[in-house]
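Inspection log for the structure reproduced underneath, given as structure tokens.
The values are calculated or read from the model by the stated rules, or taken from the named source; none is laboratory data. As the structure is a computational prediction, the values presented were derived from the model and not from experiment. No Cβ is skipped: glycine too gets one built from the backbone with ideal geometry, and neighbour counts run over all protein chains shown.
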Amino acid sequence: MSAQEKSESISNETFAGYFMSEVPAEDPELTHVGPGTPCGEYLRKFWHPVALSSNLTDLPHATRILGEDLVAFRDKSGNVGVLHKHCSHRGTSLEYGIVSEHGIRCCYHGWLFDVDGRILETPGEPPDSKLKDSFYHGAYPAIEYKGLVFAYMGPPEEKPEFPILDTFEQPHDNKLVPYSIHHPCNWLQVAENFMDPVHAVFLHTNLTNVQFTDAWGNMPTVDFGELEDGMYYINCRRVGDMVWVRSNHLLAPNLGQVAALWEDADEEKYFGRASITRWTVPIDDTHCWIFGFRHYNSNIDPKSLGKPEECSDNSVDFFGQTGDRPYEEKQRTPGDYEAQISQREIAIHGLEHRGASDEGVVRMRRILRNGSHSEERVPQPADKKRSNGLIHTYTHDTILRIPEQPDVDDRVMMKELGRRVIEAIFAGDAYEDGERQAEIERGLKALTAEYAGDEKTAR
């Protein structure tokens, strides 16, 4: 009898810990990320942040991404390189290399490597040596964008266009501040938090302390939808006479956007945009990074509650995201960090007893599994690039004044309303820039009039 079967056979018995002591293996299809693994090869087909720009000083930056030891640097000509960490001459780490005018020079014998892996110099070799022209050092394409350094680690012939999301440029007063958070656990259990909206009611509000606002403690209706390149959820909460409709958008495999953090839902709002863009980037099977941008603008944070000065290397300006608090404090007021890393170094899916509230996690795993085993070209965010070069995203907060109506099941109404809100947002895809926002607002105001009218609209 397997451990899973044994566990199920005594699941109705009390004090049955002895029979549950066997721990099954993790799910390697989704949790293992090294070269040659299904998920590792899938992830390699996307651009990922690998460092903050601030990490690239006059010294190299050693890191580990997807089970590979790397060194990132900016040479004195301003070119960014992401190379295999160990010198291809004798294996000395390039983290001790000398950043040069072009490329990086190994400290041991002075070999000089360009950002594309070409060997520029092999001092100590005979003048007529052809050694430097006989091979290349391991290197990956790299791009520096708004304070983050990105690398593409997949097959060169499949390199996608670097994706620029609409919320990187909009609204007009938007400011992006990069940050990173290290997690000593598998990447997937950190990424899955993104598609688990119900946890916000308990972890962030009702069980310990209010980590954002009181409105988060209202139990939402929850719905999910899938897109060619990812998925989204729809939350609807009742807050007095307001209905707060919220969606987070995941662009597979690991790029997600989060809507507002400090939302009271006491004023009407139409298609408020992202407060966070984040990538969950595996270091190896038991460690990962969150790299991301905090968004600051008058739309997402009109009360200026965010603190951009607190966003940096292993630091961000909202509660419970890092492990640098005293242990007792973390026990009394746990945050996302504690909930995620305490699932074991690698969460054991075979021990989970998932319910209806876990639909988002189940869907996300299926999307990742399908992507990992697909033999077709992997859909990319940039496939949906608009004529202005930007990619439409759907993360939002929408708050509509729709009082409860007699003889109408409010939760049924809210779930229907949530679906119609996202449909109105999708309808805006025919437009760009300010016209898109205006069209979406028009559609959302029409919904408000319909649902707040005298005529019962629940169907």
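Worth pointing out:
- If you go through segment 206-244 and keep only what is under 22 Å from the mean Cα position of the chain (by Cα) and either β-branched (Val, Ile, Thr) or on the phi > 0 side of the Ramachandran plot (or both), you end up with Val222, Gly230, Ile234.
- Test: residue in segment 247-260 that is in a loop (DSSP other than H, G, I, E, B), over 20 Å from Gln380 (Cα atoms), in contact (Cβ under 8 Å) with a residue 24 or more places away in the chain and hydrophobic (A, V, I, L, M, F, W, C): yes
- Residue in segment 149-161 that is of a type in the set (Phe, Trp, Tyr), assigned by TED's automatic domain parsing to the domain that holds Arg64 and without any contact (Cβ under 8 Å) to a residue 24 or more places away in the chain present: no
- Subset of segment 170-183 [farther than 14 Å from Val281 by Cβ and not polar (S, T, N, Q)]: Pro171, His172, Asp173, Lys175, Leu176, Val177
- Residue in segment 220-241 that is modelled with pLDDT under 95, farther than 28 Å from Pro282 by Cβ and in a loop (DSSP other than H, G, I, E, B) present: yes
- Close pairs (9 angstrom Cβ cut-off, 6 or more residues apart or separate chains): farther than 18 Å from Phe194 by Cβ in segment 347-362, buried (at least 17 other Cβ atoms within 10 Å of the Cβ) and among the charged types (D, E, K, R) anywhere: Ile348/Glu26; Ile348/Asp27; Gly350/Glu26; Gly350/Asp27
A quick yes/no check of all residues on (1) in contact (Cβ under 8 Å) with a residue 60 or more places away in the chain; (2) hydroxyl-bearing (Ser, Thr, Tyr); (3) over 15 Å from Leu176 (Cβ atoms):
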| position | (1), (2), (3) |
| --- | --- |
| Glu268 | yes, no, yes |
| Thr277 | yes, yes, no |
| Val281 | yes, no, yes |
| Phe291 | yes, no, no |
| His295 | yes, no, no |
| Pro308 | yes, no, no |
| Arg325 | no, no, yes |
| Gln331 | no, no, yes |
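For (1) in a strand (DSSP E or B); (2) closer than 16 Å to Lys146 by Cα; (3) among the hydroxyl-bearing types (Ser, Thr, Tyr), each residue gets a yes or a no:
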position: Tyr270; (1), (2), (3): yes, no, yes
position: Thr277; (1), (2), (3): yes, yes, yes
position: Val281; (1), (2), (3): yes, no, no
position: Gly292; (1), (2), (3): yes, yes, no
position: His295; (1), (2), (3): yes, yes, no
position: Ser298; (1), (2), (3): no, no, yes
position: Pro302; (1), (2), (3): no, no, no
position: Leu305; (1), (2), (3): no, no, no
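- Lone unmet requirement of (1) within 24 Å of the chain's Cα centre (by Cα); (2) assigned to a loop (DSSP other than H, G, I, E, B); (3) surrounded by fewer than 18 Cβ atoms within 10 Å (Cβ to Cβ) for Ile346: (3)
- Segment 164-187, subset out of contact with any Phe, Trp or Tyr (no Cβ under 8 Å at 6 or more places or on another chain) and outside any loop (DSSP other than H, G, I, E, B), residue nearest to Tyr145 (Cα to Cα): Leu165
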